[in-house]
Structures are given as structure tokens and as C-alpha cells.
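Coordinate-derived values only; no laboratory data. For clarity, every value in this text was computed on a predicted model and none was experimentally measured. Glycine also receives a Cβ, built like all others from the backbone with ideal geometry; neighbour counts cover every protein chain displayed.
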Amino acid sequence: MLTLALLAATALDLTTEAERSGWSRTGRYDEVVRLCPAFATAYPDRVRCLVYGTTPEGRPMMALVVTSDLAHAHDRPVLLIQGGIHAGEIEGKDAIFWSLRELLAGKMAPGVLDRATLLLVPVYNVDGHERFGPNNRPNQRGPAEMGFRTTAQNLNLNRDYVKAEAPETQAMLGLWSSWAPLLLVDLHTTDGAMFEPDVAVTMEPWSMAPALEAVVAALSDAVQARLKALGHMPLAFYPTFKVEDDPTSGFAVKQLSPRFSDGYARARNRIGVLVETHSWKPYRVRVQTTHDVLAALLERAAADVGAWRAAAEAADGAGAGLGGSDVVLLTEPDATSRPIDFRGYAYEVRRSEISGASWIVYDEKRPQIWHVPLLDHELPSLTVRAPRAGWVVPAAQAALVGAKLSLHGIRFSATRSAVDVPVEAFHVAELSYEKPFEGRTRVALKGAWRAETQHLAPGSLFVPVDQPLARLALHLLDPTAPDSLAQWGYFNAVFEQKEYMEAYVLEAEARKMLARDPKLAAEFDARLKDPAFTASARERLRFFYRRHPTWDARVEVVPTFRVDRMP
Ligand SMILES: [Zn+2]
């Protein structure tokens, strides 16, 4: 007969395939399916295993809720840590399970479980994880086999946060709605060049709610210092060369828009942390590094989580004050640079007879300091005017837009009766379709807001600006934002002209218009100074059609209107 202790040890083995293999392999997803409830069984007062969704291939999406008193799990600040959004970059999963054992044993970040609730998602892209094999990460050292970058539907979950097309994203947003995490840590492995630094931990405070900037900057400094003390060589920026394969061009920091996990957290007034271990470090080193990053973050959480929450709540409360003001949604570095000494490797640029271009060859045996520029002086690259009261969406688009808003937890209401409303409408002047991206035909557009009256049928939506998720609503509803519904191609049909005036009719109409309006004639003359315009018979005729009463008043008008007052 088995003793109880032996039974516990066999049934509740809480180690991973990665540890048992000396960090040469990583487990399959059935390991997560086993470990999640095993931790809950071993620590029934402190760990809960929950299934928060099902993947398109039918697998359970699992998360562990961990805190010192599960009865208070929802009252405490929630810290969401996720691995395997890109399933081939999988040290996050193995570091999460290792760290969890240490947290529960009081060996990591003492006190954090008394003050916060951890929400651990060992593998976010589950189906991708099970597309398992040795050849999924050609620019990475270990483990022996790993999952694939995208989902079974070939969607990149780290481009899907705003459009939320993947069932996995929709499940994850459900987790955001029910747990409202204060901080998101998204665990990755880099691609790119070869160099010495072993990890980038980025949490740029730019273009967030002002209340959060100071806590994020302080957290970043503290994590960098702690990692250095632990013997790491961390970076606070993602190391992408300004010019590909050209170390001398230096590094340009890039702020990520909310289609990315950390940008999404920022748009929700939450702290988004992107962790990228260096892909050429062996798997063992990458798991250790990820473990140490988690330790550094959670040690700070144990001390500061109360201050983080206060700052996030202040940012949420600022939604009311945004109405009518200019809000910086994104930033970009300008040309200002500062020199840094970067620990790279010696390299040589050879002429390649294969590609006919140049080929960079690194020598990992010869560390070399690169004196290169760092472009990290951020200026606003997208500033939008928040509407005084909110947005209205015509009834015809209400189902589509309402479903997206609901996924994110953005508040809105529906109008009950038909009404004429003074609005500002965005009229598209220039538009081009991009090549398909993440399964959608994106649109690049330029135009201007115009004051006008719109007739709204019952069932139109009103989205107030006075709400905690006002910034995220701006990203979705302002057509100048790169992750807006308009730019993700949800209104492409609205941009198609469906009624036409025959050219011979338009010729006659144009003559009448010129004869009765000298201002129009002057405007036309001015346009004729543009050779491209002059060369295009179609554009010359359309100049008049656009100004003619028969021009379709709805075409090229983005159906998310700004309003000064609730309709
Ligand atoms: Zn990644």
C-alpha cells in the first residue's frame, strides 16, 4: 500500500519536463493540463486552476489564480503574467511553474501573495504550442522542440488585442474583464541581432495617463538595477537596429500600439511589461533570466503594489477630464540621439554571392563595445481630440461596433428614437488599401473632421468619453489611430462608391457649376497646377462630382462620429 506521502509525491509532482531534462526540452501542453490542477490540489487555500476559454482546436485555455487567501482574490490588485503568446518562445511557461513553487514556498518575493493576486497563464497560444517540432525557431538556441508563433488559424495574438478576431483573444479579454489586472507581464524571446545583453524589459512610460508615468519609470529603474545586481545585462529598450543588419545605425526605440500586449495595457491605464530574453542564449539561461525578471518585478510589487493601484485608479478617473482635450495616443523618437556603449560582438560585413547583397557575420567569441546612437527622445506622433461628450455610431454599424466594445468592456448605450444630431464626422480625402495583414485588408487614410448633422435611426450607439477606458475607446473609434476599426478595415464597404454620374452628364454639370460659381472656377484653376491632377481625366471630373448635390453624402464618411452632447 502506498503511503500518503508517496501518493502525494507521485500524483502531485510539480516539476516540469524542462527541469527534469536539464533544461534541454520543454513539456507538451498536457503538462499544463496536469500541473494547473495539481498546484490547486497541493495548495488548496492559495491556488485555483481555472479554464477561461477553449481554442479553435478544442483545447482548454488555463490560468492559475494564486494569492495567500483565495477568498480575497478579487479584492487584491491582480498581476497577470503570461507565457507563450508566441508559443515557440516558451521559457515563460517553464519560468512561471518554477517561480510558482518558489513563491508558494516563500522563497521568491516574500509578502507579494499577501498583497496581490497573481494570474498566471503559462501558455496563451495553446494551439500554436502544440504545433510542436524542432524547426519552429531558426534564430534560437533550444529547447529541442517547441511550438509555433501563431495560432492554428495563423493569427498572431500579439497583433490582435484591439481587433480581437481570434477566439483566444476574446477569451483573454474575458479574463481582463473579470480580473481587471493592474499589471501585465508578457514573456517573449527576441529575434534579431547577436549581442551580449541577455534580456530587454521594456515598460515605456510615454503617452500613458500622466498619473501612471512616475510609477512606471520608477518600476523600470528598480527592475534594471535588481537584474544588474543579479548578474544580468538587462536593457530597458527593445534592441532593434534603426537600419536592419546595421549595428552602426544604432537603436531606435519603438512604442508599440495597442494591438500589442503592452500597448494594450497602456491604453487601458495599466502597466504593460514586455520581457524579451535574447534568443541566442541557451534555453537554461533564458529560463533563469525570465525567472529573475519575475522575481525583480514581484519584489517591487510586494513593496509598491498599493501605489500602482492608486495611480491606475487616478488614471481611470481622469476619463471625465479628457472630453474636448487633445490626447497623445502614440509617440515616436525624433532625430535626437545620444551615444551609448553597447556590448555587442565583433562582426564583419561580407559581400554575399548567394543574395548578391551584404551579409553580416557575428563572432560570438569576441565581445566588442559598439559606440552607437540610441534614439529614445520621444515626441507625440499621434494626438487626437477627444470628443466633448462621446461618440455616436449609426444603427447600421451598431452590431459590429457594439460587439467589439463589449469585448473590451467599454461602456455604451443605444438610442431609443430617431434623432438629428450635430456631429463632427471624419471625411476621408485620401485612401489606399494595404496588402492583407492578419487576415484583414487594412486601410491607410487621410481626411478631416467636419461639423454637420447626422440622422440617427433608433438603435444607434452612444459611447461616453467619461469612462475608465476612454483612451482605449479613442484608439478604436478615432479613424486616425492605427488600431482604429476604420484602419483595420471594418468600414471598407463605406468607402466604396456605389452610384455614378455618367461622364457625359458630369461634363455638362461641371460647365454649369463653373459658370455660376467663380470661387469654384478659381479653385479648379489652382488644382490644375498639380500635374498629376491635370493628367487624370477621372480626378478632374470627380472634382465636380464631389461638389455636386448628387454626390453620395455617406460615402467616405467614417461611421464613428464625435458629439458634444449625448443624443
Ligand atoms: Zn515574441
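Structure notes:
- Of all residues in region 105-124, at least one satisfies being crowded, with 24+ Cβ neighbours inside 10 Å, away from the ligand (no atom under 16 Å from the Cβ) and more than 24 Å from residue 227 (Cβ to Cβ).
- Contacts under 6 angstrom Cβ, first residue in region 136-152 being in contact (Cβ under 8 Å) with a residue 24 or more places away in the chain and away from the ligand (no atom under 14 Å from the Cβ), partner polar (S, T, N, Q) and part of a loop (DSSP other than H, G, I, E, B), 6 or more apart: 143/26; 144/24
- Members of region 416-432 that are touching a strand residue (DSSP E or B) at 6+ places or on another chain (Cβ under 6 Å) and surrounded by 12 or more Cβ atoms within 10 Å (Cβ to Cβ): 419, 421, 422, 423, 424, 425, 426, 427, 428, 431
- Filter result for residue 258 (over 30 Å from residue 177 (Cβ atoms), under 21 Å from the mean Cα position of the chain (by Cα) and either away from the ligand (no atom under 16 Å from the Cβ) or not in a strand (DSSP E or B) (or both)): no
- Inclusion of residue 213 among residues that are away from the ligand (no atom under 16 Å from the Cβ), over 16 Å from the mean Cα position of the chain (by Cα), surrounded by fewer than 22 Cβ atoms within 10 Å (Cβ to Cβ) and within 16 Å of residue 265 (Cβ to Cβ) is warranted.
- Leading residue by the ranking (farthest from residue 470 (Cα to Cα)) among those in region 243-253 that are buried (at least 18 other Cβ atoms within 10 Å of the Cβ) and of a type outside the set (Gly, Ala, Ser): 247
Yes or no, residue by residue, for (1) on the phi < 0 side of the Ramachandran plot; (2) of a type outside the set (Asp, Glu); (3) surrounded by fewer than 19 Cβ atoms within 10 Å (Cβ to Cβ):
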site	(1), (2), (3)
441	yes, yes, yes
457	yes, yes, yes
460	yes, yes, no
466	yes, no, yes
469	yes, yes, no
475	yes, yes, no
478	yes, no, no
482	yes, yes, yes
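- Going through (1) assigned to a helix (DSSP H, G or I); (2) in contact with a Ser or Thr (Cβ under 8 Å, 6 or more places away or on another chain) one by one, residue 473 falls short only on (2).
- Residue in region 150-160 that is within 28 Å of residue 223 (Cα to Cα), hydroxyl-bearing (Ser, Thr, Tyr) and under 19 Å from the mean Cα position of the chain (by Cα) present: no
- Matching residues in region 173-198 - criterion: being in a strand (DSSP E or B), within 13 Å of the ligand (Cβ to nearest atom) and in contact with a Ser or Thr (Cβ under 7 Å, 6 or more places away or on another chain): 186, 187, 189
- Tally, over region 205-248, of residues that are touching a residue at least 24 places away in the same chain (Cβ under 8 Å), of a type in the set (D, E, K, R) and touching a Phe, Trp or Tyr at 6+ places or on another chain (Cβ under 9 Å): 2
- Unique match (being among the polar types (S, T, N, Q) and free of Cβ contacts under 8 Å to residues at least 40 places away in the same chain) among 460, 432, 417: 432
- Residue match in region 164-172 (condition: assigned to a strand (DSSP E or B) and among the charged types (D, E, K, R)): no
- Residues in region 507-527 that are over 11 Å from residue 541 (Cα atoms) and in contact with a His (Cβ under 9 Å, 6 or more places away or on another chain): 513 alone.
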